[in-house]
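Asker: What follows is a structure written as structure tokens; I'll ask about it next.
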Amino acid sequence: MRRLGIVLVACLSIHLAWAALDVPIDRQVTVFKKVLKFDQSLPTDGGTRILIVHEGNARLAGAMADAFTGAGFACDVVVAAAAAGALEKAQVAYFCPGTEDSAADFPAGLLTLCGSSGPVERNNVAMGLELVEGKPKLVVSLAAYNRCGHVIDSQVLALAKIIR
């Protein structure tokens, strides 16, 4: 009986973390893959490395890394507290639910992404997504994007919800 309780708690915590995603993983990766092509600060040879930052949900972070890897990106998965040691390899950091507000503390040069719009609207993350009529819409914080030191094509900005 105790084992069943432990399994149920583990399943519930995994479900809650996945439910915290505004946009499903596969749709996030599809949008970000298209958009990152327009970031003029990223390598054009396809060598972009993404750091997946999480706080205690390695399964969700692993699923994000698998999806980004399947889309042609190199990925590293790190717990938020240990992220500083992995920064030198990455050009992009994706923040899993619960870690997004720490993005503002990351150094310039690292483009920050997340799967929701709240952290972007608070100017903590450069790019995120929200669902509008069942479709993902890009949300861009100009303040956070500038803090990252990246340059994005105006074509992308024309399609995004802009936070000033």
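Asker: If you average the alpha carbon positions of the stretch 55-85 and of the stretch 91-164, how far apart do those two centres end up, in angstrom?
Answerer: Between the Cα centres of the stretch 55-85 and the stretch 91-164 lies a distance of 17 Å.
Asker: Got the relative contact order for the chain handy, in percent, Cα pairs under 8 Å and 6 or more residues apart?
Answerer: Normalised by residue count, the contact order of the chain is 21 percent.
Asker: Given R₀ = 35 Å, FRET efficiency for Glu133-Asp101 by Cβ-Cβ distance, to 0.05?
Answerer: For Glu133 and Asp101, the calculated efficiency is 0.80.
Asker: If you don't mind, there's one more thing I want to ask. Once neighbouring chains are kept in place and the probe is 1.4 Å, which whole percent of the accessible area of the chain is contributed by carbon and sulfur?
Answerer: 57
Asker: Would you kindly state how much longer the chain becomes between Lys33 and Arg164 on full extension, computed as 0.36 nm times their sequence separation minus their alpha carbon distance, in nm to one decimal?
Answerer: 44.8 nm
Asker: Sort the following peptides by mean Cβ neighbour count (other Cβ atoms within 10 Å, averaged over residues), highest first: 145-153, 117-125.
Answerer: In decreasing order of mean packing, 145-153, 117-125 become 117-125, 145-153.
Asker: Label 7 Å along Cα→Cβ of Ile25; the stretch 79-109 residues with amide nitrogen under 15 Å?
Answerer: Under cut-off, by backbone N: 94-97.
Asker: Using R₀ = 41 Å, calculate the FRET efficiency as 1/(1 + (r/R₀)^6) where r is the Cβ-Cβ separation of Arg59 and Leu157; round to 0.05.
Answerer: Computed FRET efficiency for Arg59 and Leu157 comes out at 0.75.
Asker: Given axes a ≥ b ≥ c from the Cα gyration tensor, I'd like to know whether the stretch 94-164 is rounded (a/c under 1.5), prolate (a/b larger than b/c) or oblate.
Answerer: Values: a/c = 2.08, a/b = 1.17, b/c = 1.78.
The shape class here is oblate.
Asker: If one takes the longest principal axis of the Cα atoms in the chain, at what angle in degrees, from 0 to 90 and to the nearest 10, does the Cα axis of helix 58-70 lie?
Answerer: Once rounded, the angle reads 40 degrees.
Asker: Run down the lysines and flag those whose C-alpha is under 18 Å from the C-alpha of Lys135, throwing out any fewer than 8 positions away in its chain.
Answerer: Lys33, Lys34, Lys161
Asker: I would also like to ask the following. Roughly how tilted is helix 2-19, in degrees to the nearest 10 and between 0 and 90, from the longest Cα axis of the chain?
Answerer: So the inclination is approximately 20 degrees.
Asker: Follow-up question, since we're still on this one. Excluding ligands, DNA and RNA, what is the solvent-accessible area per residue of the stretch 43-156 at a probe of 1.4 Å, expressed in Å²? If you can, show how the numbers build up before the last one.
Answerer: Values: 4730 Å² over 114 residues.
Result: 41 Å² per residue.
Asker: 5 Å is the cut-off here: which amide hydrogens, built 1.01 Å from N in the peptide plane, fall below it relative to Arg49, excluding neighbours closer than 5 in sequence?
Answerer: Those lying under 5 Å, H to H, from Arg49 are Gln91, Val92.
Asker: Pairing the Cα long axis of helix 25-36 with the longest principal axis of the chain, what angle in degrees results, from 0 to 90 and rounded to the nearest 10?
Answerer: The angle comes out near 20 degrees.
The values are calculated or read from the model by the stated rules, or taken from the named source; none is laboratory data. These figures come from a predicted structure and were not determined experimentally. Note: ideal-geometry Cβ built from the backbone for every residue, glycine included; neighbour counts use all protein chains shown. Surface areas here come from the heavy atoms of the whole protein model, side chains and all, with no ligands, DNA or RNA. Shrake-Rupley method; radii C 1.70, N 1.55, O 1.52, S 1.80 Å.
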